[in-house]
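Worksheet: the structure to be examined is printed underneath.
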Amino acid sequence: MSTPSKTLGDYVLGLADDALVSAQRMGWWISRAPQLEEDLALANIGLDQLGQARTLLSYAGQLEGDGRTEDDLAYLRDEREFRNVWLVERAQSDFGVTMARLLLFAAWQSELYAALASCPDPTLAGVAGKAVKEVAYHLDHAARWVVRLGDGTEESHQRMQAALDAEWPYLDELFRPVEGAVVDPASLHPLVLARIEPVVAEATLEVPQVAPARGGGRAGLHTEELGYLLAEMQHLHRSHPGATW
Amino acid sequence: MSSAWKIVADLPDPELPVVTIADLGILRDVTEDDQGRVHVQITPTYSGCPAMETISEDLVEALLSAGYQHVDVEFVLSPAWTTDWMTEDAKQKLLAYGIAPPGAVGHGGAVALPLSVRCPQCGSLDTRESSRFGSTACKSLWVCRSCHEPFDHFKAL
(Lines give C-alpha, C1' and ligand atoms only; values in the text may rest on other atoms or scores of the structure.)
Protein backbone atom coordinates (compact mmCIF):
# COMPACT_ATOMS: atom_id res chain seq x y z
CA MET A 1 0.00 0.00 0.00
CA SER A 2 1.58 3.26 -1.01
CA THR A 3 1.39 6.29 1.25
CA PRO A 4 0.02 9.63 0.05
CA SER A 5 3.48 11.23 0.14
CA LYS A 6 4.86 8.32 -1.94
CA THR A 7 2.22 8.76 -4.64
CA LEU A 8 2.61 12.55 -4.59
CA GLY A 9 6.37 12.02 -4.84
CA ASP A 10 5.90 9.82 -7.93
CA TYR A 11 3.68 12.44 -9.53
CA VAL A 12 6.19 15.22 -8.86
CA LEU A 13 8.99 13.02 -10.16
CA GLY A 14 7.10 12.57 -13.44
CA LEU A 15 6.79 16.34 -13.93
CA ALA A 16 10.43 16.83 -12.93
CA ASP A 17 11.62 14.19 -15.40
CA ASP A 18 9.56 15.71 -18.23
CA ALA A 19 11.30 19.04 -17.68
CA LEU A 20 14.75 17.51 -17.15
CA VAL A 21 14.70 15.29 -20.23
CA SER A 22 13.26 18.07 -22.38
CA ALA A 23 16.03 20.41 -21.16
CA GLN A 24 18.65 17.86 -22.16
CA ARG A 25 17.13 17.54 -25.66
CA MET A 26 17.08 21.36 -25.99
CA GLY A 27 20.75 21.47 -25.05
CA TRP A 28 21.56 19.23 -28.03
CA TRP A 29 20.74 22.16 -30.32
CA ILE A 30 23.45 24.42 -28.94
CA SER A 31 25.83 25.03 -31.87
CA ARG A 32 23.49 23.12 -34.22
CA ALA A 33 20.49 25.47 -34.55
CA PRO A 34 19.78 27.10 -37.94
CA GLN A 35 20.93 30.51 -36.66
CA LEU A 36 22.83 31.93 -33.72
CA GLU A 37 19.72 33.56 -32.20
CA GLU A 38 18.07 30.16 -32.19
CA ASP A 39 21.02 28.61 -30.37
CA LEU A 40 20.44 31.19 -27.64
CA ALA A 41 16.69 30.71 -27.62
CA LEU A 42 16.77 26.92 -27.32
CA ALA A 43 19.53 27.09 -24.69
CA ASN A 44 17.46 29.55 -22.66
CA ILE A 45 14.31 27.48 -22.97
CA GLY A 46 16.27 24.43 -21.85
CA LEU A 47 17.66 26.42 -18.92
CA ASP A 48 14.17 27.41 -17.77
CA GLN A 49 13.09 23.77 -17.94
CA LEU A 50 16.21 22.69 -16.05
CA GLY A 51 15.43 25.23 -13.33
CA GLN A 52 11.91 23.84 -13.00
CA ALA A 53 13.29 20.29 -12.94
CA ARG A 54 15.78 21.09 -10.18
CA THR A 55 13.17 22.40 -7.76
CA LEU A 56 10.78 19.57 -8.59
CA LEU A 57 13.48 16.92 -8.18
CA SER A 58 14.50 18.32 -4.80
CA TYR A 59 10.88 18.23 -3.73
CA ALA A 60 10.43 14.65 -5.02
CA GLY A 61 13.50 13.63 -3.02
CA GLN A 62 12.10 15.29 0.08
CA LEU A 63 8.74 13.53 -0.31
CA GLU A 64 10.49 10.20 -0.80
CA GLY A 65 12.25 10.69 2.55
CA ASP A 66 15.40 8.67 1.79
CA GLY A 67 17.66 11.70 1.66
CA ARG A 68 18.17 11.69 -2.12
CA THR A 69 19.14 15.08 -3.55
CA GLU A 70 18.30 16.57 -6.94
CA ASP A 71 21.68 15.37 -8.22
CA ASP A 72 21.14 11.82 -6.92
CA LEU A 73 17.82 11.70 -8.74
CA ALA A 74 19.06 13.25 -11.97
CA TYR A 75 22.33 11.38 -12.28
CA LEU A 76 22.05 8.12 -10.38
CA ARG A 77 18.77 6.63 -11.54
CA ASP A 78 18.58 4.14 -14.38
CA GLU A 79 16.24 4.31 -17.33
CA ARG A 80 13.42 2.27 -15.77
CA GLU A 81 13.30 4.65 -12.81
CA PHE A 82 12.63 7.69 -14.99
CA ARG A 83 8.99 8.79 -15.13
CA ASN A 84 8.94 11.21 -18.10
CA VAL A 85 6.55 10.89 -21.04
CA TRP A 86 7.69 9.71 -24.46
CA LEU A 87 7.00 13.09 -26.04
CA VAL A 88 10.19 14.57 -24.62
CA GLU A 89 12.62 11.67 -24.71
CA ARG A 90 13.01 10.74 -28.36
CA ALA A 91 16.08 11.90 -30.27
CA GLN A 92 15.48 14.70 -32.77
CA SER A 93 17.65 16.42 -35.29
CA ASP A 94 14.99 18.13 -37.42
CA PHE A 95 14.24 21.71 -36.39
CA GLY A 96 10.59 21.37 -37.42
CA VAL A 97 10.19 18.34 -35.19
CA THR A 98 11.69 20.24 -32.26
CA MET A 99 9.28 23.15 -32.82
CA ALA A 100 6.26 20.84 -33.19
CA ARG A 101 7.25 19.07 -30.00
CA LEU A 102 7.85 22.32 -28.12
CA LEU A 103 4.45 23.59 -29.24
CA LEU A 104 2.74 20.51 -27.77
CA PHE A 105 4.88 20.37 -24.65
CA ALA A 106 4.73 24.09 -23.83
CA ALA A 107 0.97 24.18 -24.45
CA TRP A 108 0.57 21.33 -21.97
CA GLN A 109 3.01 22.82 -19.44
CA SER A 110 1.21 26.19 -19.67
CA GLU A 111 -2.11 24.67 -18.68
CA LEU A 112 -0.58 22.32 -16.14
CA TYR A 113 1.38 25.04 -14.35
CA ALA A 114 -1.56 27.45 -14.50
CA ALA A 115 -3.66 24.84 -12.68
CA LEU A 116 -0.92 23.89 -10.21
CA ALA A 117 -0.27 27.55 -9.36
CA SER A 118 -3.49 27.60 -7.35
CA CYS A 119 -3.21 24.12 -5.82
CA PRO A 120 -3.00 23.74 -2.01
CA ASP A 121 0.55 22.32 -2.07
CA PRO A 122 2.76 25.38 -1.44
CA THR A 123 5.90 24.00 -3.10
CA LEU A 124 4.12 22.94 -6.28
CA ALA A 125 2.17 26.19 -6.36
CA GLY A 126 5.42 28.15 -5.98
CA VAL A 127 7.24 26.33 -8.79
CA ALA A 128 4.21 26.52 -11.04
CA GLY A 129 3.49 30.20 -10.39
CA LYS A 130 7.00 31.02 -11.51
CA ALA A 131 7.21 28.54 -14.38
CA VAL A 132 3.90 29.51 -15.96
CA LYS A 133 5.36 32.90 -16.91
CA GLU A 134 8.46 31.34 -18.45
CA VAL A 135 6.52 28.74 -20.39
CA ALA A 136 4.38 31.49 -21.95
CA TYR A 137 7.55 32.58 -23.76
CA HIS A 138 8.35 29.00 -24.83
CA LEU A 139 4.88 28.53 -26.25
CA ASP A 140 5.04 31.84 -28.05
CA HIS A 141 8.41 30.96 -29.53
CA ALA A 142 7.26 27.56 -30.80
CA ALA A 143 4.00 29.01 -32.15
CA ARG A 144 5.84 31.68 -34.15
CA TRP A 145 8.10 29.09 -35.77
CA VAL A 146 5.28 26.67 -36.52
CA VAL A 147 3.36 29.48 -38.23
CA ARG A 148 6.42 30.75 -40.08
CA LEU A 149 7.35 27.30 -41.39
CA GLY A 150 3.81 26.01 -41.91
CA ASP A 151 2.72 29.12 -43.77
CA GLY A 152 6.07 29.43 -45.54
CA THR A 153 7.28 27.78 -48.71
CA GLU A 154 5.84 24.59 -50.17
CA GLU A 155 8.86 22.70 -48.82
CA SER A 156 8.68 24.16 -45.31
CA HIS A 157 4.91 23.61 -45.22
CA GLN A 158 5.33 19.95 -46.09
CA ARG A 159 8.07 19.40 -43.58
CA MET A 160 6.24 21.22 -40.78
CA GLN A 161 3.16 19.06 -41.41
CA ALA A 162 5.33 15.93 -41.36
CA ALA A 163 6.89 17.09 -38.07
CA LEU A 164 3.49 17.70 -36.50
CA ASP A 165 2.28 14.27 -37.71
CA ALA A 166 5.37 12.68 -36.15
CA GLU A 167 4.90 14.32 -32.73
CA TRP A 168 1.11 14.22 -32.41
CA PRO A 169 0.83 10.52 -31.38
CA TYR A 170 2.77 11.37 -28.21
CA LEU A 171 0.37 14.06 -27.03
CA ASP A 172 -2.16 11.57 -25.69
CA GLU A 173 0.12 10.18 -22.97
CA LEU A 174 0.05 13.55 -21.18
CA PHE A 175 -3.66 13.19 -20.47
CA ARG A 176 -3.70 9.62 -19.11
CA PRO A 177 -4.53 9.01 -15.44
CA VAL A 178 -1.61 9.17 -12.99
CA GLU A 179 -1.67 8.06 -9.38
CA GLY A 180 -1.20 10.95 -6.97
CA ALA A 181 -2.03 13.56 -9.60
CA VAL A 182 -2.69 16.97 -8.09
CA VAL A 183 -4.28 18.17 -11.33
CA ASP A 184 -6.39 15.59 -13.18
CA PRO A 185 -4.45 15.05 -16.44
CA ALA A 186 -7.64 14.50 -18.48
CA SER A 187 -9.01 17.89 -17.39
CA LEU A 188 -6.14 19.59 -19.26
CA HIS A 189 -6.93 17.95 -22.60
CA PRO A 190 -9.49 20.46 -23.97
CA LEU A 191 -7.48 23.42 -22.64
CA VAL A 192 -4.29 22.25 -24.31
CA LEU A 193 -6.05 21.60 -27.62
CA ALA A 194 -7.54 25.09 -27.44
CA ARG A 195 -4.00 26.45 -27.33
CA ILE A 196 -2.58 24.26 -30.09
CA GLU A 197 -5.35 24.16 -32.68
CA PRO A 198 -5.47 27.90 -33.48
CA VAL A 199 -1.71 27.84 -34.08
CA VAL A 200 -2.04 24.84 -36.40
CA ALA A 201 -4.84 26.60 -38.31
CA GLU A 202 -2.88 29.85 -38.60
CA ALA A 203 0.07 27.83 -39.90
CA THR A 204 -2.26 26.47 -42.64
CA LEU A 205 -1.58 22.96 -41.33
CA GLU A 206 -3.95 20.10 -40.55
CA VAL A 207 -4.53 18.67 -37.08
CA PRO A 208 -3.12 15.14 -37.55
CA GLN A 209 -5.56 12.25 -37.43
CA VAL A 210 -3.22 9.64 -36.03
CA ALA A 211 -3.45 6.86 -33.45
CA PRO A 212 -1.82 7.58 -30.07
CA ALA A 213 1.56 6.04 -29.28
CA ARG A 214 1.68 3.31 -26.65
CA GLY A 215 3.60 5.39 -24.10
CA GLY A 216 4.22 4.16 -20.58
CA GLY A 217 6.86 6.58 -19.39
CA ARG A 218 5.02 7.28 -16.13
CA ALA A 219 5.43 3.58 -15.29
CA GLY A 220 9.10 3.56 -16.25
CA LEU A 221 8.67 2.06 -19.73
CA HIS A 222 10.69 3.99 -22.28
CA THR A 223 11.88 4.02 -25.85
CA GLU A 224 15.43 2.91 -26.55
CA GLU A 225 16.50 6.51 -27.12
CA LEU A 226 16.17 7.56 -23.49
CA GLY A 227 19.05 5.24 -22.60
CA TYR A 228 21.42 7.09 -24.91
CA LEU A 229 20.31 10.44 -23.54
CA LEU A 230 20.91 9.31 -19.96
CA ALA A 231 24.31 7.85 -20.83
CA GLU A 232 25.42 11.25 -22.06
CA MET A 233 23.74 13.24 -19.29
CA GLN A 234 24.95 11.03 -16.44
CA HIS A 235 28.37 9.94 -17.59
CA LEU A 236 30.40 12.73 -15.98
CA HIS A 237 28.72 12.44 -12.61
CA ARG A 238 29.02 8.65 -12.59
CA SER A 239 32.63 8.60 -13.80
CA HIS A 240 33.74 11.21 -11.25
CA PRO A 241 31.49 10.83 -8.20
CA GLY A 242 31.25 14.04 -6.20
CA ALA A 243 32.82 16.19 -8.93
CA THR A 244 32.02 19.89 -8.59
CA TRP A 245 32.76 22.93 -10.70
CA MET B 1 15.94 48.60 8.70
CA SER B 2 18.74 46.36 9.98
CA SER B 3 22.35 46.96 9.11
CA ALA B 4 22.48 43.43 7.68
CA TRP B 5 19.86 44.53 5.15
CA LYS B 6 22.02 47.47 4.17
CA ILE B 7 25.07 45.27 3.56
CA VAL B 8 23.16 42.78 1.47
CA ALA B 9 21.10 45.33 -0.42
CA ASP B 10 24.20 47.02 -1.80
CA LEU B 11 25.51 43.87 -3.49
CA PRO B 12 25.65 44.17 -7.27
CA ASP B 13 23.93 41.64 -9.48
CA PRO B 14 26.69 39.41 -10.92
CA GLU B 15 25.38 39.68 -14.49
CA LEU B 16 24.17 43.28 -14.36
CA PRO B 17 26.71 44.94 -12.07
CA VAL B 18 25.17 48.41 -12.48
CA VAL B 19 22.17 47.41 -10.37
CA THR B 20 21.99 45.91 -6.89
CA ILE B 21 20.03 42.83 -5.90
CA ALA B 22 17.69 45.08 -3.94
CA ASP B 23 17.13 47.30 -7.01
CA LEU B 24 16.12 44.24 -9.01
CA GLY B 25 13.70 42.99 -6.37
CA ILE B 26 15.63 39.73 -5.94
CA LEU B 27 16.24 40.45 -2.25
CA ARG B 28 12.98 39.67 -0.43
CA ASP B 29 13.80 39.81 3.27
CA VAL B 30 16.65 40.01 5.78
CA THR B 31 16.03 39.23 9.43
CA GLU B 32 18.44 39.30 12.37
CA ASP B 33 17.73 37.59 15.66
CA ASP B 34 19.09 38.74 19.02
CA GLN B 35 21.99 36.27 18.78
CA GLY B 36 23.15 37.96 15.58
CA ARG B 37 22.00 35.19 13.24
CA VAL B 38 20.99 36.49 9.84
CA HIS B 39 18.37 34.90 7.64
CA VAL B 40 18.21 36.15 4.06
CA GLN B 41 15.45 35.40 1.55
CA ILE B 42 16.10 35.80 -2.15
CA THR B 43 13.98 34.89 -5.15
CA PRO B 44 15.19 33.87 -8.61
CA THR B 45 14.29 35.95 -11.64
CA TYR B 46 13.91 32.79 -13.74
CA SER B 47 13.73 29.19 -12.42
CA GLY B 48 17.01 28.32 -14.08
CA CYS B 49 18.84 31.56 -13.40
CA PRO B 50 22.48 30.52 -12.96
CA ALA B 51 23.30 33.74 -11.07
CA MET B 52 21.40 32.64 -7.96
CA GLU B 53 24.23 30.55 -6.55
CA THR B 54 26.75 33.34 -7.09
CA ILE B 55 24.41 35.84 -5.45
CA SER B 56 23.97 33.51 -2.50
CA GLU B 57 27.74 33.04 -2.08
CA ASP B 58 28.35 36.79 -2.46
CA LEU B 59 25.92 37.75 0.23
CA VAL B 60 27.12 35.12 2.71
CA GLU B 61 30.67 36.37 2.18
CA ALA B 62 29.64 40.01 2.58
CA LEU B 63 27.84 39.30 5.85
CA LEU B 64 30.61 37.10 7.26
CA SER B 65 33.23 39.70 6.50
CA ALA B 66 31.04 42.32 8.17
CA GLY B 67 31.29 40.27 11.36
CA TYR B 68 28.11 38.20 11.31
CA GLN B 69 28.75 34.64 12.49
CA HIS B 70 25.73 32.74 11.25
CA VAL B 71 24.15 33.40 7.89
CA ASP B 72 21.64 31.29 6.08
CA VAL B 73 20.08 31.92 2.72
CA GLU B 74 16.66 30.73 1.67
CA PHE B 75 15.41 30.65 -1.91
CA VAL B 76 11.74 31.57 -2.05
CA LEU B 77 9.65 30.98 -5.16
CA SER B 78 6.38 32.47 -4.11
CA PRO B 79 5.21 35.09 -4.87
CA ALA B 80 6.96 34.75 -8.22
CA TRP B 81 9.39 37.50 -9.14
CA THR B 82 8.19 40.07 -11.61
CA THR B 83 9.98 42.89 -13.41
CA ASP B 84 7.41 45.20 -11.78
CA TRP B 85 9.45 44.86 -8.57
CA MET B 86 12.40 46.53 -10.22
CA THR B 87 12.82 50.06 -8.92
CA GLU B 88 12.49 53.08 -11.22
CA ASP B 89 16.08 53.93 -10.35
CA ALA B 90 17.21 50.46 -11.48
CA LYS B 91 15.44 50.92 -14.80
CA GLN B 92 17.28 54.19 -15.35
CA LYS B 93 20.61 52.54 -14.50
CA LEU B 94 19.92 49.73 -16.96
CA LEU B 95 19.10 52.26 -19.65
CA ALA B 96 22.34 54.13 -19.03
CA TYR B 97 24.17 50.77 -19.22
CA GLY B 98 22.71 50.13 -22.69
CA ILE B 99 19.91 47.73 -21.76
CA ALA B 100 16.35 48.76 -22.58
CA PRO B 101 14.40 48.34 -19.31
CA PRO B 102 11.19 46.31 -19.08
CA GLY B 103 7.80 47.90 -19.52
CA ALA B 104 4.92 47.16 -17.15
CA VAL B 105 3.67 43.59 -17.11
CA GLY B 106 0.37 43.12 -18.92
CA HIS B 107 -2.50 41.40 -17.19
CA GLY B 108 -3.85 38.02 -18.21
CA GLY B 109 -0.56 36.15 -18.21
CA ALA B 110 0.05 36.35 -21.94
CA VAL B 111 3.44 37.22 -23.32
CA ALA B 112 3.72 40.99 -23.40
CA LEU B 113 3.54 42.34 -26.93
CA PRO B 114 6.85 43.84 -27.97
CA LEU B 115 5.20 47.00 -29.24
CA SER B 116 7.94 49.58 -29.22
CA VAL B 117 11.16 49.31 -27.32
CA ARG B 118 13.20 52.48 -27.30
CA CYS B 119 16.83 52.14 -28.42
CA PRO B 120 19.03 52.80 -25.36
CA GLN B 121 21.76 54.24 -27.61
CA CYS B 122 19.95 56.80 -29.76
CA GLY B 123 16.45 56.85 -28.29
CA SER B 124 14.73 55.88 -31.54
CA LEU B 125 11.51 53.90 -31.41
CA ASP B 126 12.20 52.43 -34.83
CA THR B 127 13.56 49.12 -33.52
CA ARG B 128 12.88 45.47 -34.18
CA GLU B 129 13.20 42.31 -32.13
CA SER B 130 15.80 39.95 -33.59
CA SER B 131 15.42 37.23 -30.97
CA ARG B 132 12.95 36.64 -28.15
CA PHE B 133 15.82 35.16 -26.13
CA GLY B 134 19.07 37.05 -25.69
CA SER B 135 22.35 36.57 -23.83
CA THR B 136 20.44 35.55 -20.70
CA ALA B 137 16.93 34.20 -20.17
CA CYS B 138 15.73 37.54 -18.83
CA LYS B 139 16.66 39.50 -21.96
CA SER B 140 15.67 39.61 -25.62
CA LEU B 141 17.81 40.84 -28.47
CA TRP B 142 16.86 43.91 -30.50
CA VAL B 143 18.28 45.96 -33.34
CA CYS B 144 17.79 49.68 -33.87
CA ARG B 145 16.83 50.65 -37.41
CA SER B 146 17.98 54.24 -36.88
CA CYS B 147 21.49 53.81 -35.48
CA HIS B 148 21.81 50.12 -36.53
CA GLU B 149 23.13 49.11 -33.12
CA PRO B 150 22.01 45.83 -31.55
CA PHE B 151 20.87 46.02 -27.91
CA ASP B 152 19.47 43.90 -25.08
CA HIS B 153 15.98 44.43 -23.75
CA PHE B 154 15.05 43.25 -20.26
CA LYS B 155 11.79 41.37 -20.91
CA ALA B 156 8.70 42.10 -18.87
CA LEU B 157 7.91 39.05 -16.74
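Quick notes
- These residues, A:Ser118, A:Ser239, go from largest to smallest accessible area, 1.4 Å probe, as A:Ser118, A:Ser239.
- Counting only heavy atoms of the protein chains and using a 1.4 Å probe, A:His235 has close to 110 Å² of accessible surface.
- Cα gyration tensor shape for the protein assembly as shown, rounded if a/c is under 1.5, else prolate or oblate: oblate
- Nearest 10 degrees, 0 to 90: helix B:88-97 Cα axis against chain B principal axis: 60
- Taking all protein chains into account, the per residue accessible area for chain A stands at 44 Å² (1.4 Å probe).
- Using a simple spin-label model with pseudo-atoms 7 Å out from Cα toward Cβ, B:Arg37 and B:Leu95 lie 4.5 nm apart.
- The C-alpha atoms of chain A define a longest principal axis, and helix A:36-64 lies at about 30 degrees to it.
- In whole angstrom, segment A:4-239 maps to an equivalent ellipsoid with semi-axes of 28, 20, 16, each derived as √(5λ) from the alpha carbon gyration tensor and ordered largest first.
- Across segment B:41-157, the relative contact order, built from alpha-carbon pairs under 8 Å that are at least six residues apart, equals 22 percent.
- Chain B - Rg (one decimal) and Dmax (whole number), Cα, Å: 17.3, 59
- Relative frequency of Cα-Cα separations exceeding 16 Å in segment A:18-117, percent: 60
- Cα-projected label distance for B:Glu15 with B:Trp85, points at 7 Å along beta-carbon direction, nm: 1.6
- Taking a straight Cα-Cα cut-off under 17 Å and skipping sequence neighbours fewer than 8 places away in the same chain, the aspartates and glutamates within cross-link reach of A:Lys6 are A:Asp17, A:Glu64, A:Asp66, A:Glu70, A:Glu81, A:Asp121, A:Glu179.
- Taking all Cα pairs closer than 8 Å and separated by 6 or more residues, the relative contact order of chain A comes to 25 percent.
- For the pair segment B:116-157 / segment A:113-181, the C-alpha centres are spaced 26 Å from each other.
- Pairs with C-alpha atoms separated by more than 21 Å, drawn from the list A:Lys133/B:Lys155; B:Lys91/B:Lys139; A:Lys130/B:Lys93; A:Lys130/B:Lys6, are A:Lys130/B:Lys93; A:Lys130/B:Lys6.
- In nm, spacing of pseudo-spin labels at A:Asp165 and A:Thr3 (7 Å Cα→C-beta vector): 5.1
- Semi-axes of the equivalent ellipsoid for segment A:131-202, computed as √(5λ) from the eigenvalues of its C-alpha gyration tensor and ordered from largest down, come to 27, 15, 9 Å.
The values are calculated or read from the model by the stated rules, or taken from the named source; none is laboratory data. For clarity, every value in this text was computed on a predicted model and none was experimentally measured. As a convention, Cβ positions derive from the backbone with ideal geometry for all residues, glycine included, and neighbour counts pool all protein chains shown. To get the accessible areas, we keep the full protein, side chains included, count just its heavy atoms, and leave off ligands, DNA and RNA. Shrake-Rupley method; radii C 1.70, N 1.55, O 1.52, S 1.80 Å.
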